[in-house]
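What follows is a short report on a single structure.
The values are calculated or read from the model by the stated rules, or taken from the named source; none is laboratory data. These figures come from a predicted structure and were not determined experimentally. Here the Cβ is made from the backbone with ideal geometry for all residues, glycine too, and neighbour counts use every protein chain on show.
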Amino acid sequence: MMAIDQRGSLRRAIAKVMGRDPQQITSEDLTQTKKTITENLAPYATAVLTDPTYGCPYSVLHLPPQTGLLLAYEKSGYEEAGSMDRERKSRPVENWSVEKAQRAGADAVKLLIYYRPDASDEVRNHQQDLVQGVGEECERTDMPFLLELVSYALDEESKDTLEFACRKPDLVIRSTAEFSKADYKVDILKLEFPADLKWAKEFANGAFDGKEREAAYTLKEVREFCRQLNETAGTPWVILSAGVDIEEFLVQVDLATEAGASGFLCGRAIWKDAINLYIDKAKMEEWLCTQGVYNFVRANAYAQRALPWVCHRKFGGPENIELVEKNPE
(Lines give C-alpha, C1' and ligand atoms only; values in the text may rest on other atoms or scores of the structure.)
Protein backbone atom coordinates (compact mmCIF):
# COMPACT_ATOMS: atom_id res chain seq x y z
CA MET A 1 0.00 0.00 0.00
CA MET A 2 1.14 3.56 -0.68
CA ALA A 3 0.96 6.49 1.73
CA ILE A 4 0.54 10.01 0.38
CA ASP A 5 -1.24 11.49 3.42
CA GLN A 6 1.76 13.62 4.44
CA ARG A 7 0.94 17.27 5.00
CA GLY A 8 3.40 19.11 7.23
CA SER A 9 6.42 17.05 6.16
CA LEU A 10 5.47 17.39 2.49
CA ARG A 11 5.03 21.15 2.88
CA ARG A 12 8.50 21.41 4.41
CA ALA A 13 10.05 19.24 1.69
CA ILE A 14 8.58 21.38 -1.09
CA ALA A 15 9.61 24.56 0.73
CA LYS A 16 13.20 23.33 0.97
CA VAL A 17 13.39 22.68 -2.76
CA MET A 18 11.86 26.06 -3.59
CA GLY A 19 13.95 27.96 -1.05
CA ARG A 20 10.87 29.31 0.70
CA ASP A 21 9.35 29.39 4.14
CA PRO A 22 6.93 26.43 4.59
CA GLN A 23 4.10 28.88 5.22
CA GLN A 24 4.57 30.18 1.66
CA ILE A 25 3.73 26.78 0.19
CA THR A 26 0.18 26.91 -1.09
CA SER A 27 -2.64 24.41 -0.92
CA GLU A 28 -2.29 24.00 -4.68
CA ASP A 29 1.37 22.98 -4.25
CA LEU A 30 0.23 20.17 -1.95
CA THR A 31 -2.78 19.05 -3.96
CA GLN A 32 -0.91 18.96 -7.26
CA THR A 33 1.98 17.01 -5.74
CA LYS A 34 -0.35 14.43 -4.23
CA LYS A 35 -2.31 14.19 -7.47
CA THR A 36 0.83 13.63 -9.55
CA ILE A 37 2.23 10.98 -7.20
CA THR A 38 -1.12 9.19 -6.97
CA GLU A 39 -1.67 9.25 -10.72
CA ASN A 40 1.70 7.67 -11.46
CA LEU A 41 2.11 5.19 -8.60
CA ALA A 42 -1.39 4.11 -7.54
CA PRO A 43 -1.52 1.36 -10.22
CA TYR A 44 1.23 -0.47 -8.29
CA ALA A 45 -0.58 -0.29 -4.93
CA THR A 46 -3.34 -2.45 -3.49
CA ALA A 47 -4.51 0.64 -1.60
CA VAL A 48 -3.61 4.32 -1.29
CA LEU A 49 -3.66 6.24 1.97
CA THR A 50 -4.32 9.95 1.58
CA ASP A 51 -5.72 12.84 3.60
CA PRO A 52 -9.22 14.35 3.42
CA THR A 53 -8.02 17.94 2.87
CA TYR A 54 -5.39 18.03 0.11
CA GLY A 55 -5.50 14.47 -1.13
CA CYS A 56 -8.84 12.77 -1.52
CA PRO A 57 -10.86 15.55 -3.20
CA TYR A 58 -8.23 16.01 -5.90
CA SER A 59 -6.76 12.53 -6.31
CA VAL A 60 -9.56 10.03 -5.81
CA LEU A 61 -10.44 9.92 -9.51
CA HIS A 62 -6.86 8.81 -10.25
CA LEU A 63 -7.20 5.59 -8.25
CA PRO A 64 -7.58 2.46 -10.38
CA PRO A 65 -10.88 0.63 -9.74
CA GLN A 66 -9.12 -2.23 -7.94
CA THR A 67 -7.12 0.06 -5.59
CA GLY A 68 -8.55 0.69 -2.14
CA LEU A 69 -8.87 4.14 -0.55
CA LEU A 70 -7.67 4.76 3.02
CA LEU A 71 -8.34 8.15 4.61
CA ALA A 72 -6.41 9.71 7.49
CA TYR A 73 -8.28 10.73 10.64
CA GLU A 74 -5.58 12.72 12.43
CA LYS A 75 -4.52 16.31 11.94
CA SER A 76 -0.95 16.73 10.70
CA GLY A 77 1.66 17.18 13.42
CA TYR A 78 1.06 17.05 17.15
CA GLU A 79 0.40 19.10 20.25
CA GLU A 80 3.39 19.49 22.55
CA ALA A 81 2.52 18.19 25.99
CA GLY A 82 3.81 16.56 29.13
CA SER A 83 6.98 17.36 31.02
CA MET A 84 8.75 20.36 29.46
CA ASP A 85 6.48 19.96 26.38
CA ARG A 86 8.60 17.03 25.20
CA GLU A 87 5.70 14.59 24.78
CA ARG A 88 3.14 14.51 21.99
CA LYS A 89 -0.62 14.43 21.66
CA SER A 90 -2.32 13.55 18.38
CA ARG A 91 -5.34 15.56 17.23
CA PRO A 92 -8.22 14.65 14.91
CA VAL A 93 -8.92 16.61 11.74
CA GLU A 94 -11.49 19.27 12.58
CA ASN A 95 -15.08 18.52 11.54
CA TRP A 96 -14.07 15.05 10.34
CA SER A 97 -15.48 11.67 11.30
CA VAL A 98 -15.47 8.03 10.29
CA GLU A 99 -18.97 8.46 8.88
CA LYS A 100 -17.79 11.31 6.65
CA ALA A 101 -14.83 9.21 5.51
CA GLN A 102 -17.24 6.43 4.63
CA ARG A 103 -19.42 8.80 2.62
CA ALA A 104 -16.28 10.00 0.82
CA GLY A 105 -15.70 6.44 -0.40
CA ALA A 106 -13.06 5.26 2.06
CA ASP A 107 -12.47 1.53 2.40
CA ALA A 108 -10.72 2.06 5.75
CA VAL A 109 -9.76 4.82 8.19
CA LYS A 110 -6.20 5.38 9.42
CA LEU A 111 -5.26 7.09 12.68
CA LEU A 112 -1.64 8.00 13.46
CA ILE A 113 -0.65 8.48 17.06
CA TYR A 114 2.71 9.32 18.55
CA TYR A 115 3.21 7.03 21.50
CA ARG A 116 5.64 6.23 24.25
CA PRO A 117 4.58 3.69 26.86
CA ASP A 118 6.74 5.59 29.37
CA ALA A 119 5.03 8.95 28.75
CA SER A 120 3.19 10.80 31.52
CA ASP A 121 -0.19 9.37 32.54
CA GLU A 122 -2.04 12.40 31.17
CA VAL A 123 -0.50 12.16 27.69
CA ARG A 124 -0.67 8.38 27.55
CA ASN A 125 -4.34 8.39 28.58
CA HIS A 126 -5.15 11.05 25.99
CA GLN A 127 -3.64 8.95 23.20
CA GLN A 128 -5.35 5.78 24.38
CA ASP A 129 -8.73 7.52 24.65
CA LEU A 130 -8.37 8.91 21.11
CA VAL A 131 -7.66 5.45 19.69
CA GLN A 132 -10.50 3.88 21.62
CA GLY A 133 -12.92 6.56 20.41
CA VAL A 134 -11.98 6.07 16.76
CA GLY A 135 -12.19 2.30 17.19
CA GLU A 136 -15.73 2.62 18.51
CA GLU A 137 -16.66 4.93 15.61
CA CYS A 138 -15.30 2.39 13.15
CA GLU A 139 -17.18 -0.45 14.80
CA ARG A 140 -20.48 1.48 14.68
CA THR A 141 -20.07 2.21 10.96
CA ASP A 142 -18.55 -1.17 10.06
CA MET A 143 -15.37 0.57 8.83
CA PRO A 144 -11.97 -1.18 8.99
CA PHE A 145 -9.63 0.61 11.43
CA LEU A 146 -5.91 0.93 10.67
CA LEU A 147 -3.78 2.30 13.52
CA GLU A 148 -0.31 3.76 12.89
CA LEU A 149 2.04 3.86 15.88
CA VAL A 150 5.07 6.16 15.86
CA SER A 151 7.60 6.37 18.69
CA TYR A 152 9.73 9.46 19.26
CA ALA A 153 12.76 10.74 21.12
CA LEU A 154 12.00 13.17 23.94
CA ASP A 155 14.73 15.39 22.55
CA GLU A 156 14.80 15.72 18.73
CA GLU A 157 18.61 15.94 18.74
CA SER A 158 18.81 12.53 20.42
CA LYS A 159 16.84 10.72 17.71
CA ASP A 160 19.90 9.50 15.74
CA THR A 161 21.87 8.28 18.75
CA LEU A 162 23.01 4.97 20.14
CA GLU A 163 20.80 5.51 23.18
CA PHE A 164 17.59 5.92 21.17
CA ALA A 165 18.52 3.08 18.80
CA CYS A 166 18.80 0.81 21.83
CA ARG A 167 15.47 2.03 23.23
CA LYS A 168 13.51 1.67 19.99
CA PRO A 169 12.81 -2.11 20.06
CA ASP A 170 11.25 -1.81 23.52
CA LEU A 171 9.20 1.27 22.57
CA VAL A 172 7.81 -0.34 19.42
CA ILE A 173 7.02 -3.73 20.98
CA ARG A 174 5.43 -2.34 24.16
CA SER A 175 3.30 0.10 22.16
CA THR A 176 2.16 -2.75 19.93
CA ALA A 177 1.22 -4.81 22.99
CA GLU A 178 -0.96 -1.98 24.31
CA PHE A 179 -2.93 -1.38 21.14
CA SER A 180 -3.35 -5.05 20.36
CA LYS A 181 -5.87 -5.15 23.20
CA ALA A 182 -9.42 -5.83 22.04
CA ASP A 183 -10.70 -2.64 23.69
CA TYR A 184 -9.20 -0.55 20.89
CA LYS A 185 -10.95 -2.47 18.09
CA VAL A 186 -7.97 -2.14 15.72
CA ASP A 187 -8.12 -4.21 12.52
CA ILE A 188 -4.64 -3.52 11.09
CA LEU A 189 -1.54 -2.19 12.82
CA LYS A 190 0.85 0.00 10.83
CA LEU A 191 4.11 -0.38 12.73
CA GLU A 192 7.61 0.99 12.76
CA PHE A 193 10.47 -1.40 12.13
CA PRO A 194 11.47 -2.51 15.65
CA ALA A 195 15.09 -1.38 15.33
CA ASP A 196 17.20 1.15 13.46
CA LEU A 197 19.15 -0.76 10.83
CA LYS A 198 21.72 2.03 10.55
CA TRP A 199 22.84 0.99 14.04
CA ALA A 200 22.93 -2.75 13.29
CA LYS A 201 26.45 -4.17 13.23
CA GLU A 202 26.16 -5.37 9.64
CA PHE A 203 25.14 -1.90 8.37
CA ALA A 204 26.82 0.42 10.90
CA ASN A 205 29.69 1.12 8.50
CA GLY A 206 27.49 3.68 6.76
CA ALA A 207 25.92 1.24 4.31
CA PHE A 208 22.73 3.30 3.99
CA ASP A 209 23.78 6.91 4.46
CA GLY A 210 27.58 6.98 4.54
CA LYS A 211 27.74 7.76 8.27
CA GLU A 212 29.62 5.29 10.46
CA ARG A 213 28.02 4.41 13.80
CA GLU A 214 28.70 2.29 16.84
CA ALA A 215 26.75 -0.97 16.64
CA ALA A 216 23.70 -1.20 18.90
CA TYR A 217 22.77 -4.77 17.94
CA THR A 218 23.46 -7.52 15.42
CA LEU A 219 21.23 -8.56 12.55
CA LYS A 220 20.48 -11.76 14.46
CA GLU A 221 19.18 -9.66 17.34
CA VAL A 222 17.14 -7.53 14.93
CA ARG A 223 15.49 -10.68 13.61
CA GLU A 224 14.59 -11.56 17.18
CA PHE A 225 13.03 -8.11 17.67
CA CYS A 226 10.94 -8.72 14.55
CA ARG A 227 9.87 -12.12 15.87
CA GLN A 228 8.86 -10.58 19.20
CA LEU A 229 6.92 -7.85 17.40
CA ASN A 230 5.02 -10.41 15.38
CA GLU A 231 4.22 -12.43 18.50
CA THR A 232 3.01 -9.27 20.22
CA ALA A 233 0.80 -8.01 17.38
CA GLY A 234 -2.69 -9.29 18.13
CA THR A 235 -3.94 -8.40 14.67
CA PRO A 236 -2.43 -8.32 11.14
CA TRP A 237 0.34 -5.74 10.81
CA VAL A 238 2.20 -3.94 8.07
CA ILE A 239 5.49 -2.07 8.14
CA LEU A 240 5.86 1.68 7.61
CA SER A 241 8.93 3.40 6.20
CA ALA A 242 9.29 6.48 8.48
CA GLY A 243 11.02 8.26 5.60
CA VAL A 244 14.11 6.03 5.34
CA ASP A 245 15.74 5.63 1.93
CA ILE A 246 14.53 2.87 -0.35
CA GLU A 247 17.53 0.55 0.08
CA GLU A 248 17.09 0.48 3.85
CA PHE A 249 13.34 0.06 3.52
CA LEU A 250 13.72 -2.98 1.28
CA VAL A 251 15.78 -4.71 3.98
CA GLN A 252 13.12 -3.76 6.53
CA VAL A 253 10.36 -5.24 4.35
CA ASP A 254 12.37 -8.43 3.88
CA LEU A 255 12.94 -8.90 7.62
CA ALA A 256 9.41 -7.85 8.63
CA THR A 257 7.65 -10.18 6.21
CA GLU A 258 10.03 -12.98 7.17
CA ALA A 259 8.75 -12.52 10.73
CA GLY A 260 5.06 -12.42 9.80
CA ALA A 261 4.12 -8.93 8.54
CA SER A 262 1.26 -8.82 6.06
CA GLY A 263 2.93 -6.25 3.82
CA PHE A 264 3.82 -2.56 3.92
CA LEU A 265 2.20 0.86 3.85
CA CYS A 266 4.97 3.09 2.58
CA GLY A 267 5.23 6.61 1.25
CA ARG A 268 8.44 8.60 1.29
CA ALA A 269 10.85 5.69 0.83
CA ILE A 270 9.23 5.13 -2.57
CA TRP A 271 8.56 8.65 -3.85
CA LYS A 272 10.38 11.26 -1.72
CA ASP A 273 13.23 11.87 -4.20
CA ALA A 274 10.67 13.08 -6.73
CA ILE A 275 10.11 16.15 -4.55
CA ASN A 276 13.68 17.28 -5.28
CA LEU A 277 12.48 17.88 -8.87
CA TYR A 278 9.39 19.82 -7.86
CA ILE A 279 10.46 22.97 -9.68
CA ASP A 280 10.45 21.08 -12.99
CA LYS A 281 7.13 19.24 -13.10
CA ALA A 282 8.02 17.31 -16.27
CA LYS A 283 11.21 15.92 -14.71
CA MET A 284 9.34 15.11 -11.52
CA GLU A 285 6.75 13.12 -13.43
CA GLU A 286 9.47 11.38 -15.46
CA TRP A 287 11.20 10.35 -12.22
CA LEU A 288 7.94 8.95 -10.83
CA CYS A 289 7.29 6.99 -14.05
CA THR A 290 10.75 5.44 -13.96
CA GLN A 291 12.61 5.38 -10.63
CA GLY A 292 9.43 5.72 -8.58
CA VAL A 293 7.83 2.76 -10.34
CA TYR A 294 11.08 0.80 -9.97
CA ASN A 295 11.11 1.50 -6.22
CA PHE A 296 7.51 0.31 -5.91
CA VAL A 297 8.03 -2.82 -7.99
CA ARG A 298 11.05 -3.76 -5.89
CA ALA A 299 9.16 -3.19 -2.64
CA ASN A 300 6.32 -5.36 -3.92
CA ALA A 301 8.82 -8.07 -4.85
CA TYR A 302 10.36 -7.98 -1.36
CA ALA A 303 6.87 -8.34 0.11
CA GLN A 304 5.96 -11.47 -1.84
CA ARG A 305 6.17 -13.69 1.24
CA ALA A 306 3.98 -11.38 3.32
CA LEU A 307 1.42 -13.26 5.43
CA PRO A 308 -2.14 -12.94 4.04
CA TRP A 309 -4.24 -11.23 6.69
CA VAL A 310 -6.66 -14.16 6.85
CA CYS A 311 -3.75 -16.39 7.89
CA HIS A 312 -2.90 -14.30 10.94
CA ARG A 313 -3.46 -16.28 14.13
CA LYS A 314 -6.35 -13.91 14.96
CA PHE A 315 -8.31 -15.59 12.14
CA GLY A 316 -6.55 -18.91 11.67
CA GLY A 317 -6.88 -19.20 7.90
CA PRO A 318 -9.41 -18.61 5.11
CA GLU A 319 -11.43 -21.65 6.15
CA ASN A 320 -12.42 -19.72 9.28
CA ILE A 321 -13.62 -16.63 7.40
CA GLU A 322 -17.27 -16.49 6.46
CA LEU A 323 -19.02 -13.61 4.73
CA VAL A 324 -22.13 -12.21 6.36
CA GLU A 325 -25.18 -12.38 4.07
CA LYS A 326 -23.23 -14.32 1.48
CA ASN A 327 -24.98 -15.69 -1.60
CA PRO A 328 -26.09 -19.24 -0.72
CA GLU A 329 -25.34 -20.30 -4.29
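Candidates are the residues of segment 200-239 that are farther than 18 Å from residue 309 by Cβ and hydroxyl-bearing (Ser, Thr, Tyr); the one that is surrounded by the fewest Cβ atoms within 10 Å (Cβ to Cβ) is 218. Contact map, segment 261-287: first residue in contact (Cβ under 8 Å) with a residue 24 or more places away in the chain, second residue of a type in the set (Gly, Ala, Ser) and surrounded by fewer than 19 Cβ atoms within 10 Å (Cβ to Cβ), Cβ cut-off under 9 Å, separation 6 or more or different chains; pairs are 267/243; 268/9; 268/242; 268/243; 269/242; 269/243; 272/243. Of everything in segment 77-108 that is surrounded by 14 or more Cβ atoms within 10 Å (Cβ to Cβ) and modelled with pLDDT under 95, the residue that is nearest to residue 131 (Cα to Cα) is 82. When residue 155 is tested against (1) closer than 27 Å to residue 260 by Cβ; (2) touching a residue at least 40 places away in the same chain (Cβ under 8 Å); (3) surrounded by fewer than 17 Cβ atoms within 10 Å (Cβ to Cβ), just one condition goes unmet, and that condition is (1). Of the numbered criteria (1) assigned to a helix (DSSP H, G or I); (2) within 28 Å of residue 249 (Cα to Cα); (3) in contact with a Lys or Arg (Cβ under 8 Å, 6 or more places away or on another chain), the one residue 194 fails is (1).
Scanning segment 121-161 for residues that are in contact with a helix residue (DSSP H, G or I) (Cβ under 7 Å, 6 or more places away or on another chain) and hydroxyl-bearing (Ser, Thr, Tyr) yields a total of 3. From the residues in segment 291-319 that are in a loop (DSSP other than H, G, I, E, B) and within 21 Å of the chain's Cα centre (by Cα), which one is nearest to residue 37 (Cα to Cα)? Top of the filtered list is 303.
Every residue, every condition in (1) of a type in the set (Lys, Arg); (2) touching a residue at least 12 places away in the same chain (Cβ under 8 Å); (3) touching a strand residue (DSSP E or B) at 6+ places or on another chain (Cβ under 9 Å), yes or no:
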| position | (1), (2), (3) |
| --- | --- |
| 2 | no, yes, yes |
| 15 | no, no, no |
| 18 | no, yes, no |
| 24 | no, no, no |
| 33 | no, yes, no |
| 49 | no, yes, yes |
| 52 | no, yes, yes |
| 59 | no, yes, yes |
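Selection of segment 180-191 for residues being in a loop (DSSP other than H, G, I, E, B) and among the acidic types (Asp, Glu) yields only 187. Residues in segment 1-23 that are closer than 19 Å to residue 45 by Cβ and either among the polar types (S, T, N, Q) or modelled with pLDDT under 95 (or both): 6 alone. One residue alone among 149, 171 is closer than 28 Å to residue 223 by Cβ, touching a residue at least 12 places away in the same chain (Cβ under 8 Å) and crowded, with 22+ Cβ neighbours inside 10 Å, and that residue is 149.
Against the condition modelled with pLDDT of 95 or more, in contact with a Pro (Cβ under 6 Å, 6 or more places away or on another chain) and buried (at least 23 other Cβ atoms within 10 Å of the Cβ), how does residue 49 come out, does it pass? The answer is no for residue 49. For segment 157-183, a residue qualifies if it is within 13 Å of residue 231 (Cα to Cα), in contact with a Pro (Cβ under 8 Å, 6 or more places away or on another chain) and among the hydrophobic types (A, V, I, L, M, F, W, C), and the qualifying residues are 172, 173. Scanning segment 234-285 for residues that are outside any helix (DSSP H, G or I), among the polar types (S, T, N, Q) and either more than 14 Å from the chain's Cα centre (by Cα) or on the phi > 0 side of the Ramachandran plot (or both) yields a single hit, 235.
Suppose we keep only residues that are out of contact with any Ser or Thr (no Cβ under 9 Å at 6 or more places or on another chain) and surrounded by 15 or more Cβ atoms within 10 Å (Cβ to Cβ) within segment 180-198. Which one would you say is nearest to residue 139 (Cα to Cα)?
185
When segment 56-107 is limited to residues that are touching a Phe, Trp or Tyr at 6+ places or on another chain (Cβ under 8 Å) and among the hydroxyl-bearing types (Ser, Thr, Tyr), the one that is nearest to residue 190 (Cα to Cα) turns out to be 73. Please indicate, with yes or no, whether at least one residue in segment 24-34 is outside any helix (DSSP H, G or I), of a type in the set (A, V, I, L, M, F, W, C), farther than 30 Å from residue 119 by Cβ and in contact with a Lys or Arg (Cβ under 8 Å, 6 or more places away or on another chain). Within segment 24-34 (the criterion being outside any helix (DSSP H, G or I), of a type in the set (A, V, I, L, M, F, W, C), farther than 30 Å from residue 119 by Cβ and in contact with a Lys or Arg (Cβ under 8 Å, 6 or more places away or on another chain)), the answer is yes, since at least one residue qualifies.
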